[in-house]
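For reference, the structure discussed in these notes is given below.
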Amino acid sequence: AFHGRILARRVVGQETRYEVEVKARYRQRFPLVSREYLWVPNTCGCPALREGGEYLLMARRHVNHEHTLNRILLQDGGYARPWTPREARLVREATQHC
């Protein structure tokens, strides 16, 4: 779970890749750097993340069996909400209990 600002969106094959500035980390399951690529396995723009927008995102690290692919994946129906101080507080509280 992290707070990110969308810097760019690009369709790559059958997927959408977002360049994201990581502003805050709420759950440290895997390391994040200040800029990451967030992949969505479709080209429809679902969820619709607009460039310049800030979101609360819950994604997972996806590594294939050959270890040639290592990326952050926001699955279909994944959690992506506009960032607000209230959302951030709720997630921060939830991650302390989970």
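The values are calculated or read from the model by the stated rules, or taken from the named source; none is laboratory data. Keep in mind that this is a model prediction, so the values were computed, not measured. Please note: Cβ atoms are built from the backbone with ideal geometry, for glycine as well, and neighbour counts cover all protein chains shown. Side chains included, ligands, DNA and RNA excluded: accessible areas come from the protein's heavy atoms. Shrake-Rupley method; radii C 1.70, N 1.55, O 1.52, S 1.80 Å.
Could you list all residues from the range 61-91 that are more than 16 Å from the chain's Cα centre (by Cα) and either of a type in the set (G, A, S) or open to solvent by 50 Å² or more (accessible area, probe 1.4 Å) (or both)? Don't jump to the end; show me each part of the working.
Taking the range 61-91 and keeping what is more than 16 Å from the chain's Cα centre (by Cα), we get 64-69, 85-86, 89-90.
Those that are more than 16 Å from the chain's Cα centre (by Cα) and either of a type in the set (G, A, S) or open to solvent by 50 Å² or more (accessible area, probe 1.4 Å) (or both): H65, E66, H67, T68, L69, P85, R86, R89, L90.
What are the residues in the range 27-76 that are in contact with a helix residue (DSSP H, G or I) (Cβ under 8 Å, 6 or more places away or on another chain) and polar (S, T, N, Q), if any?
None; the set is empty.
Collect the residues in the range 63-98 that are in a loop (DSSP other than H, G, I, E, B) and among the acidic types (D, E), keeping them in residue-number order. Can you show your working first?
First pass over the range 63-98, keeping only residues in a loop (DSSP other than H, G, I, E, B): 64-69, 74-78, 83-84, 98.
E66, D76, listed by residue number.
List every residue pair whose Cβ atoms lie under 6 Å apart, where the two residues are 6 or more positions apart in sequence or sit on different chains, the first residue falls within the range 77-94 and is closer than 18 Å to I6 by Cβ, and the second residue, located anywhere, is among the acidic types (D, E).
Between residues of the range 77-94 that are closer than 18 Å to I6 by Cβ and residues that are among the acidic types (D, E), the close pairs are R81/E87; W83/E54.
If a residue counts only when it is among the small types (G, A, S) and surrounded by 13 or more Cβ atoms within 10 Å (Cβ to Cβ), which strands (runs of 3 or more DSSP E) contained entirely in the range 1-60 have at least 1 such residues?
Working: elements: 2-12, 15-25, 35-40, 54-58.
Counting at least 1 such residues, we get 2-12, 15-25.
Could you count how many residues in the range 49-98 are in contact with a strand residue (DSSP E or B) (Cβ under 7 Å, 6 or more places away or on another chain) and charged (D, E, K, R)?
Qualifying residue count for the region: 8.
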